[in-house]
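Note sheet for the following structure.
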Amino acid sequence: QVQLVESGGGLVQAGGSLRLSCASSGRTLTASGWFRSGPGKEREFVAAISWTGSITAYADSVKGRFTISRDNAKNTMSLQINSLKPEDTAVYYCARARTVATGRKSEDYAYWGQGTQVTVSS
């Protein structure tokens, strides 16, 4: 029943900024998050946010540069990315967690979007 659709990806220069969005259908009382899969790399955790938005979690590699947020009234979630680096190049996925916990593992999430490509040039 739950469908997630990412948008906002594209080609940007290193040092630039980008904002990703995730639109969802269906309703849950769980946390949400963002993951990414770079070239030749396994999918990795990026950020997570609680249902109310009061609790967030970030991977060490993005902390201080990425900001996760959500708007429950619009059923959307966003990821603001600043100071982009070439290593940020990846397909970014939004996901809905199985529980209220802001998990950091893929197995903690039950629903996934199709992904949006982010490419950072040097």
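The values are calculated or read from the model by the stated rules, or taken from the named source; none is laboratory data. Worth saying up front: this structure is predicted, and the values here are computed from it rather than measured. Neighbour counts run over all protein chains shown; Cβ positions are idealised from the backbone, glycine included. What goes into the accessible areas is simple: the full protein's heavy atoms, side chains included, and nothing from ligands, DNA or RNA. Shrake-Rupley method; radii C 1.70, N 1.55, O 1.52, S 1.80 Å.
Structure notes:
- Filter on LYS63/LYS105; LYS85/LYS105; LYS41/LYS85 - keep pairs with C-alpha separation over 21 Å: LYS85/LYS105
- Mean accessible surface per residue for the chain, computed with a 1.4 Å probe while every protein chain stays in place, in Å²: 52 Å²
- Residue list for the stretch 67-89, given a label point 7 angstrom along the Cα-to-Cβ vector of ALA14 and an amide N cut-off under 17 Å: 82-89
- Carbon plus sulfur fraction of accessible area for the stretch 56-122, probe 1.4 Å, in percent: 46 percent
- Averaging the sequence gap over all C-alpha pairs within less than 8 Å and six or more residues apart, then dividing by the number of residues, gives the chain a relative contact order of 36 percent.
- Per-residue SASA entry for SER32, accessible area with 1.4 Å probe, Å² rounded to 10: 10 Å²
- Assigned charges on the beta-carbon of Lys, Arg, Asp, Glu; the chain dipole about Cα centre (debye): 200 debye
- Estimated inter-spin distance, ARG104 and GLU44, nm [label 7 Å along Cα→Cβ]: 1.2 nm
- Trypsin sites (Lys or Arg not before Pro) restricted to the stretch 34-102 and DSSP loop, no more than 11 other C-beta within 10 Å: LYS41, LYS74
- Amide H within-cut-off set for THR76, under 5 Å, with H built and near neighbours excluded: ASP71
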